[in-house]
Ligand SMILES: [Zn+2]
Ligand SMILES: [Zn+2]
């Protein structure tokens, strides 16, 4: 019944507020199939921390970086330099666009899995959390929406209350230096219920990966709480 009501609501919304492709203006969705297919999706994995980026065949954080980093490796679909990806991620912060865009953005990551010909070997999917004050202001956590679609595709449980954000932070994009970014997120996350993740492999999901400070801080927190391995998945690298 709920599903039928939801379908009727969406049908009416589509009639009242038709959606147009953000690139070519074709009616139907925020990105038409042709424009979606025009986005270049990566068929390789890079060490998340090496700069300039270094290709890693096994998808893992390179040996040198893994001495100081906890994130096991990263699945990254595209580049934030792609104007279409940038526009989609910009719109994604606003509520009216969230449902349709989360599907489109998740589909970019799923295409990346398909091009790599592999899926992350994990037990759970966990979104990078928003602070409650941010959640109240925006009404949703963008990372959770993408994580929800990925969990559905991977047929793995989504745990959205295992990792929580206890300290509000500034948007990482507003901070220029990597040292500032590290300091901004240090100690910002915690795991109130550790039992569920003991010895588990986790896929941590976010929209953008810039210096990796946020994702690395989450990975450190999850591992310190008992997780065995923490992988990352993002739409784009900044
Ligand atoms: Zn189009
Ligand atoms: Zn590296």
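Derivation of every value follows stated rules applied to the coordinates shown; laboratory data play no part. For clarity, every value in this text was computed on a predicted model and none was experimentally measured. Backbone-built Cβ (ideal geometry, glycine too); neighbour counts: all protein chains shown.
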> Share of Cα-Cα pairs in segment 179-238 beyond 13 Å, in percent?
Replying inline: 61 percent
> Between the helical axis of 213-224 and the dominant principal axis of the chain, each derived from Cα atoms, what acute angle in degrees is found, rounded to the nearest 10?
Replying inline: 60 degrees
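Ranked highest first by the average count of other Cβ atoms within 10 Å around their residues, in what order do 20-27, 185-192, 142-149 fall? Numbers along the way, then the final one.
Values: 20-27: 14.0, 185-192: 16.5, 142-149: 22.4.
Per-residue Cβ counts within 10 Å, averaged per peptide and sorted highest first, yield 142-149, 185-192, 20-27.
Rounded, prolate or oblate: pick one for the chain, where a ≥ b ≥ c are the square roots of the eigenvalues of its C-alpha gyration tensor, a/c under 1.5 means rounded, and failing that, prolate if a/b is larger than b/c, else oblate.
Working: a/c = 1.61, a/b = 1.38, b/c = 1.17.
Here the chain falls in the prolate category.
Using mean Cβ contacts within 10 Å as the protection proxy, how do 174-183, 216-225 order, highest first? Walk me through the numbers on the way to the answer.
On the way: 174-183: 13.6, 216-225: 20.7.
Result, highest mean Cβ count within 10 Å first: 216-225, 174-183.
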>> Between helix 98-116 and the chain, what is the angle of the helix's C-alpha long axis to the longest principal axis, kept within 0 to 90° and rounded to the nearest 10?
In response: 60 degrees
> At q = 0.14, 0.24 Å⁻¹, what log₁₀ I(q)/I(0) does a Debye calculation on the Cα points of segment 117-157 give, no solvent, two decimals?
Replying inline: -0.37, -0.79
> Sorted by mean Cβ packing within 10 Å, highest first, what order do the peptides 122-133, 107-118 take?
Replying inline: 122-133, 107-118
> How far, in nm, would the chain grow between residue 9 and residue 174 when pulled straight, counting 0.36 nm per residue and subtracting the alpha carbon separation?
Replying inline: 55.6 nm
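Can you tell me what share of the DSSP beta bridges in the chain is antiparallel? A percent to the nearest 5 is fine. Present the calculation step by step, with values, prior to reporting the outcome.
Numbers: 5 of 24 bridges.
That works out to approximately 20 percent antiparallel.
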> In degrees from 0 to 90, rounded to the nearest 10, what is the angle of the helix 142-154 Cα long axis to the longest principal axis of the chain?
Replying inline: 90 degrees
> Cα gyration tensor of segment 16-145, axes a ≥ b ≥ c as square roots of the eigenvalues: rounded (a/c below 1.5), prolate (a/b > b/c) or oblate?
Replying inline: oblate
